[in-house]
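Single-structure report; data block below.
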Amino acid sequence: MRDSLPRHFPARARIAVLTCEPVGVLDYLAPEGGVRQGQLVLVPLGPRRVLGLVWGEGAGDFDLAKLRPVTRVIEAEPFAPGFLDFLIRAADYTLTPPPLMLRMATRAPDLDQPPAARRVIVPAGDPPQRMTEARQRVLQVMADHGGASFAASELAHLAGVGTSVVKGLVAQGALAEIEAPRDAPYPHLDPARPGKPLAEDQQAAADALRAAVGAGGYGTTLLRGVTGSGKTEVYLEAVAECLRAGRQALVLLPEIALSTEFLDRVEARFGARPGEWHSGITRTERRRLWHIAGRGEVGLVVGARSALFLPFRDLGLIVVDEEHDASYKQEDVVYYSARDMAVLRASIAGAQVVLASATPSLESWVNAASGKYARLDLRARYGEAELPDMAAVDLRAEDMPSGRWISPTLAQAVEARIVRGEQALLFLNRRGFAPVTICRACGEQIGCHQCDARMVEHRFQNRLVCHQCGETRPIPEACPSCGVEGKLAPIGPGVERIAEEVAARFPDAKATVLSSDLFQSARALKETIAELAHGRTDIIIGTQIVAKGHNFPRLTLVGVIDADLGLQGADLRAAERSFQLMRQVAGRAGRQSGQAPGLALLQTHQPDHPVIRAILSGEDEAFWDAEAAARQAAGMPPFGRLAGIILSHPDLGVVSDFARLLAAHAAPLRAAAAELWGPAPAPIARIRGRHRMRMLIRAPRQAPLQAAIADWLAPHKPPGNLRLAVDIDPQSFF
Ligand code: ADP
Ligand code: ZN
């Protein structure tokens, strides 16, 4: 498939128009030289210019004179045929209209802009007629960089002069301003450079992955290894093999925008940095990477989930690191799981998938158990580092005066770390100061005007914030309901409240709160994380962002403030999620070789809960097996299939009428042996003023779920402004 030549259309072409509204395919006049199937082009549509994809040859019976011409070919290199195939099958799977899927794969990077060159400054040779100190500095910077090119402003900045100095040198012929191509290839990664010597179990795993990549076909491997076992070192060997084979590799990371550590490791291994794809890079870089990936001129891309929709020319390997992470599921416009789509894409491209995690998703665990995926295990931490000791702190037996959340046992352990100059992490997965603000006069809980949700006090910002819609308002003096003043009280803790307690109880310790809402930008958060790893913070107080893969070398104690927090709730994945989160957080402790093993303390009211017991005992496999057995008995994923339907509209009557109409015509679902549950109010029954109702569909594993849903929904057009979202394999019951 990689080598088949795309068909060429010299005169006219049928083009799939990529707009939000369903337009479909239209015929256009080809530009001089024709177009080729799979090329991305710009075409006129009414008064607009829109993206289009060359689909096939135009119909012969058209009057050529009446056809509008293609405006411009955006990328001469047509999409790899497997890429289109992937997009169409991903659209089928997720019940997304194909043009919308194509748009998602082509929308981000300013592709409709001309392939503008960048104006850059290069050396030109003539010495200036008059040399000044400022001019001297500019020329020195050029000389220091061996004749590299710079944007004028960048050069001026480096030399510490105004841009007029640079322009003056250009006017005098000492420098020249030229147009340089924007979409330049990425530096070559060298797979021949030696990697770190691997430990025995690492070597065995790396050999297996290398063999699989070298063999060149599709396969998926679950790479399971405890935190700190060296999964990254191992899969970098698979990347090396992929590069040696001349194919492209993609590594997906859940919080790539927050981490430079991974990029540094790639550079250390291969001598250059990979292409980066996430929300933190500039539009120019996004556009460049999009084109370069399509031309096969970048060997390794590291990215967030949407990198999976880059038009790679020849993908040989996809690594999904921390494959259990919830951020791989997109729940907006197109509902998809990047993990599942990685497997789909690889199976079409003839590529290998590596799913890496210390705490795999139940889906992947079951697929490995059934032999659908291969499985590799790293059972010990690398080197001398040991896994942390684990213990429960039974809050029923601790002296916990009201307004305190750190038990005497945990406080003592923190104190011991401070004395030894080590770091402690207090984990609570709740942003803000207090989740509930209640009026002690009337009992009212302050809620959001737009959502069926409580306002959360954020004391550092001195505001109440709705975590659903982001609305904020000042913390009022008087109760908005009864008007009594001075009776509003915060109930329960968030990380800011723990920080307050830490400040009171450990007044000499340096504490830092790590919570996404406290940082203006990803960069600021990234800098703080780096500073925590190397600086002298004694106590880190953090939400789930601390759980994700960061290395804090001096961290030897993890205290989970409320281990019971995620255990309640009707969500299918409550136990699984809670287990993963706590295991990951505990894994932050004592990752350094040669250190005493770390300690993780779980504060709980239910030390006998199966999840807590599994975390403490370290019997992860028994936990997954038990969880899998329970899902199987209930016919739930991954043994049965689920789809979620969310309907929303500002008027509750409109939502419930339409939901009832759908429920009354569910014969196509029943014909596929699928059950319909609901409609019922969604767990968050109103967001941003829209009322929300939910339906769930459960079907046996082999049932044609998507086709049945499509048949069911097709005859019923939603009334204007009613939003209907279909979520195949929902991750939460929203
Ligand atoms: P994981 O991804 O499984 O949590 P990492 O790959 O991040 O583990 O490895 C944990 C730490 O151990 C890192 O600092 C890494 O550099 C180090 N490490 C792992 N394997 C080796 C090795 N073979 N040689 C040297 N250092 C290693
Ligand atoms: Zn709100």
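The values are calculated or read from the model by the stated rules, or taken from the named source; none is laboratory data. All of these numbers come straight from a predicted model, not from anything done at the bench. When we count neighbours, we look across all protein chains shown, and the Cβ atoms used for this are built from the backbone with ideal geometry, even at glycine.
Computed values, structure above
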{"item": "Residue count for region 255-270, restricted to those that are within 14 Å of ligand 1 (Cβ to nearest atom) and in contact with a Lys or Arg (Cβ under 6 Å, 6 or more places away or on another chain)", "result": "3"}
{"item": "Near pairs, Cβ below 8 angstrom, 6+ apart or cross-chain, from region 343-362 (among the basic types (Lys, Arg)) to any residue that is part of a strand (DSSP E or B)", "result": "Arg345/Leu315; Arg345/Ile318"}
{"item": "Residue tally, condition surrounded by fewer than 23 Cβ atoms within 10 Å (Cβ to Cβ), part of a loop (DSSP other than H, G, I, E, B) and not β-branched (Val, Ile, Thr), over region 323-333", "result": "0"}
{"item": "Selection count, region 51-103, where residues are in a helix (DSSP H, G or I), aliphatic (A, V, I, L, M) and modelled with pLDDT of 85 or more", "result": "6"}
{"item": "Residue list for region 382-402, restricted to those being exposed (fewer than 12 other Cβ atoms within 10 Å of the Cβ), part of a loop (DSSP other than H, G, I, E, B) and without any contact (Cβ under 8 Å) to a residue 40 or more places away in the chain", "result": "Asp399, Pro401, Ser402"}
{"item": "Pick from region 459-510, criterion in a strand (DSSP E or B) and crowded, with 18+ Cβ neighbours inside 10 Å, ranking: farthest from ligand 1 (Cβ to nearest atom)", "result": "Leu488"}
{"item": "Any hit, region 448-468, residues being under 29 Å from Ala589 (Cβ atoms) and either more than 16 Å from ligand 2 (Cβ to nearest atom) or assigned by TED's automatic domain parsing to the domain that holds Phe552 (or both)", "result": "yes"}
{"item": "Looking only at region 303-355, and only at residues there that are of a type in the set (Val, Ile, Thr) and at pLDDT below 95, the one that is nearest to Val266 (Cα to Cα)", "result": "Val334"}
{"item": "Residue check for Leu724: in contact with a helix residue (DSSP H, G or I) (Cβ under 6 Å, 6 or more places away or on another chain), under 23 Å from Glu331 (Cβ atoms) and either outside the structural domain of Ser327 (by TED's automatic domain parsing) or modelled with pLDDT of 95 or more (or both)", "result": "no"}
{"item": "Strands (runs of 3 or more DSSP E) completely within region 605-719 that count 1 or more residues being among the charged types (D, E, K, R) and within 30 Å of Gln584 (Cβ to Cβ)", "result": "640-649, 690-700"}
{"item": "Top-ranked residue of region 273-289 - restricted to ones that are in contact with a helix residue (DSSP H, G or I) (Cβ under 8 Å, 6 or more places away or on another chain) and touching a residue at least 40 places away in the same chain (Cβ under 8 Å), ranked as surrounded by the most Cβ atoms within 10 Å (Cβ to Cβ)", "result": "Gly275"}
{"item": "Breaking point among (1) away from ligand 1 (no atom under 11 Å from the Cβ); (2) within 29 Å of Ala385 (Cα to Cα); (3) in a helix (DSSP H, G or I), for Arg273", "result": "(3)"}
{"item": "Scope region 27-78; condition among the acidic types (Asp, Glu) and either within 11 Å of Arg14 (Cβ to Cβ) or out of contact with any helix residue (DSSP H, G or I) (no Cβ under 8 Å at 6 or more places or on another chain) (or both); matching residues", "result": "Asp27, Glu32, Glu57, Asp61, Asp63"}
{"item": "Contacts under 7 angstrom Cβ, first residue in region 445-471 being without any contact (Cβ under 8 Å) to a residue 12 or more places away in the chain, partner assigned to a strand (DSSP E or B) and within 16 Å of ligand 1 (Cβ to nearest atom), 6 or more apart", "result": "none"}
{"item": "Top-ranked residue in region 682-702 [being farther than 15 Å from Leu724 by Cβ and more than 16 Å from ligand 2 (Cβ to nearest atom); ranked as surrounded by the fewest Cβ atoms within 10 Å (Cβ to Cβ)]", "result": "Gln702"}
{"item": "Matching option when the condition is among the aliphatic types (A, V, I, L, M) and assigned by TED's automatic domain parsing to the domain that holds Asp538, among Val513, Val484", "result": "Val513"}
{"item": "From the options Ala245, Ala238, Ala215, residue that is within 16 Å of ligand 1 (Cβ to nearest atom) and either farther than 30 Å from Val120 by Cα or of a type in the set (Ser, Thr, Tyr) (or both)", "result": "Ala238"}
{"item": "Residue pairs meeting the criteria (Cβ under 7 Å; at least 6 apart or on separate chains; first of a type in the set (Lys, Arg), in region 188-202; second within 16 Å of ligand 1 (Cβ to nearest atom))", "result": "Arg193/Arg269; Arg193/Phe270; Lys196/Glu233"}
{"item": "Residue list for region 540-563, filter: of a type in the set (S, T, N, Q) and either under 19 Å from Ala503 (Cβ atoms) or not in a strand (DSSP E or B) (or both)", "result": "Thr543, Gln544, Asn551"}
